[in-house]
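Reading through the structure tokens given below for one structure.
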Amino acid sequence: MKMSTIRDLLGADVLCNEDLLDNEVFSACGSDMMSDVLAYVKDQAVLLTGLVNPQVIRTAEMMDMKCIVFVRSKKPTEAMVSMAEDDGLVMMASDMRMYDACGTLYVNGLIGTAVHV
């Protein structure tokens, strides 16, 4: 799925790296707990979260994610936007709740992957 499609489906505002929206992503995850993302998530290209702190950017970078979508009308700081821009991460913000945003992406073909504990 193109990141531009994610933007359209979620009614999201693109906060940085809009020039990368034509790139494809193949999976997603939703979590407010970055420790869970680090422990259980593999091969995820999009992170949906309501957590707004620099750890989100660091986690996405470590996990080779391509896009962060802040849900529930959460807005990152300018410093976070700058970090994401420097890291080549697309950053978006949506008014949707996480459950609805994840469900919308899933029914439109963006999958998650099995959790291996």
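Quick look at the numbers
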quantity	calculated
Relative contact order [Cα under 8 Å, 6+ residues apart], the chain, whole percent	33 percent
Fraction of beta bridges assigned by DSSP in the chain that are antiparallel (%, nearest 5)	25 percent
Label-point separation, residue 20 to residue 39 (7 Å along Cα→Cβ), nm	2.8 nm
Point-charge dipole on Cβ atoms (K/R +1, D/E -1) for the chain, about Cα centre, debye to 20	400 debye
Other-chain or far-sequence residues with amide H under 5 Å of residue 15's (modelled H)	91, 92, 93
Listed candidates (1) -0.55, -1.04, -1.31; (2) -0.63, -0.99, -1.14; (3) -0.65, -1.13, -1.30 - label of the one calculated as log10 I(q)/I(0) by the Debye sum over Cα atoms at q = 0.15, 0.20, 0.22 Å⁻¹	(1)
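Taken together, the values in this text are just the output of simple stated rules run on the coordinates, not laboratory data. Bear in mind that the values here come from a model prediction, so they are computed numbers and not experimental data. Cβ coordinates were reconstructed from backbone atoms using ideal geometry, including for glycine residues, and neighbour counts include every protein chain displayed.
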